[in-house]
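As structure tokens, the structure follows; a few thoughts come after it.
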Amino acid sequence: MLAVFTDKLSSYLDEKEVAKIQRAYTYSEKCHSGQMRQSGDPYITHPLAVANILADMHMDHESLMAALLHDVIEDTGVTKGQISRRFGRTVADLVDGVSKLTEIEFETKAEQQAESFQKMTLAMSRDIRVVLVKLADRLHNMRTLGGLSPEKRRRVARETLDIYAPIAQRLGINDIRIEFEDLGFAAMYPLRHRRLREAMKAARKNRKEIVTEIHQAIELRLQHESFDAVVKGREKHLWSIYQKMRSKKKSFRDIMDVFAFRLVVENVDDCYRTLGMMHNIFKPVPGEFKDYIAIPKANGYQSLHTVLVGMHGVLIEVQIRTREMEKMANY
Ligand code: MN
């Protein structure tokens, strides 16, 4: 097993657990020996990458073992019973669960079925870790789409946008959702993706001055109240810009005229106080204020949202949250 990976594991798991993961790795490597990925890499690089993604999320040792073994039943003819005897019942159930999710995939051909598949997925997996391993599996497959035929690439991308991105969103794993969407977008609509990315690059230059100006106005006010807050400019990712242009029939310019900021403060009390300050420096747009702290979203997301009218009439979207909420929103 790679030293970098072992080090990552040792940073949050105990020695015994790391040793178990090592055993799962050795076994998986043996089972997949001689198999290659489309890219020409040895197959084991795939389960290892999946386990790496989960290790970054600090998942437990059983999830990581399942990640390393996740394609063993399907691709090498090892049985669930064999895994169970070697690595215990829980790991065997996880691996089996992930393999079963893959089977369903083949039956869902129509996009309309996506919604029902989502519900089924969540309901079916009594252990949420099955879904997390599956999401990491899909993420690595999306990162390595290059080896597939254009047709297959599009099919996988469509399914990722329709099924996997919404699941990641529902589970509140924002980083993975955004990566699914941008990789899916690039694979589904390579030309539009490239054009939008270039437009974005060009727009960034013009926006820079305004961003700095707003940023300074906010910071100045916070300092004036001797208030400790981190102010971050946010940039929308390509897929969400594309969706906005399509669903709200907005032009790229309209979307680029909105500037998004996030303020991260210490506690809930500070959230509301900061909101007051923001409404004091810039005029709020009526009807745009949302209190997801008092009433969190279904996936647990919390923040205050407001929209302000800034200098030169630009719109400023502001999210205010605590550090704790910030962590929650990303993982
Ligand atoms: Mn896989």
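Rounded to a whole number, what % of the accessible area of the chain do carbon and sulfur atoms account for, probe 1.4 Å?
51 percent
Using heavy-atom solvent-accessible surface (probe 1.4 Å) with all chains present, what is the largest-first order of 247, 303?
Order by accessible area, largest first: 247, 303.
Counting every Cα pair in the chain, what percent are over 32 Å apart?
41 percent
Show me the three semi-axes of the equivalent ellipsoid for the range 131-205, from the C-alpha gyration tensor (sqrt of 5 times each eigenvalue), largest first, rounded to whole Å.
Equivalent ellipsoid of the range 131-205: 22, 17, 9 Å, largest first.
Cα-Cα over 25 Å: which of 20/327; 134/244; 30/80; 244/290?
Long pairs (Cα-Cα over 25 Å): 20/327; 134/244.
What's the whole-number percent of alpha carbon pairs in the range 181-331 lying beyond 23 angstrom?
So the portion of pairs separated by more than 23 Å is 42 percent.
At 4 °C and 1.567 mPa s, what whole-number value in µm²/s does Stokes-Einstein give for the translational diffusion of the range 126-256, with Rh from the Kirkwood sum over Cα pairs?
76 µm²/s
With everything on Cα atoms, drop me the angle between helix 238-247 and the longest principal axis of the chain, reported from 0 to 90° to the nearest 10.
For 238-247 against the chain, the angle is about 70 degrees.
With all pairs of different alpha carbon atoms counted, what Kirkwood hydrodynamic radius in Å does the range 212-289 show?
Result for the range 212-289, one decimal place: 14.2 Å.
Once every DSSP H run of n ≥ 4 in the chain is given -39500 (n - 2.57) and the sum is divided by its residues, what mean residue ellipticity at 222 nm do you get, rounded to the nearest 500 deg cm²/dmol?
-19500 deg cm²/dmol
Excluding ligands, DNA and RNA, what is the solvent-accessible area per residue of the chain at a probe of 1.4 Å, expressed in Å²?
It amounts to 53 Å² per residue over the chain.
Pairs of alpha-carbon atoms within less than 8 angstrom and 6+ residues apart define the contacts here; what relative contact order does the range 1-71 have, in percent?
36 percent
The values are calculated or read from the model by the stated rules, or taken from the named source; none is laboratory data. None of the values given here were measured: they were computed from a predicted structure. Keep in mind that these areas ignore ligands, DNA and RNA; they rest on the heavy atoms of the full protein, side chains included. Shrake-Rupley method; radii C 1.70, N 1.55, O 1.52, S 1.80 Å.
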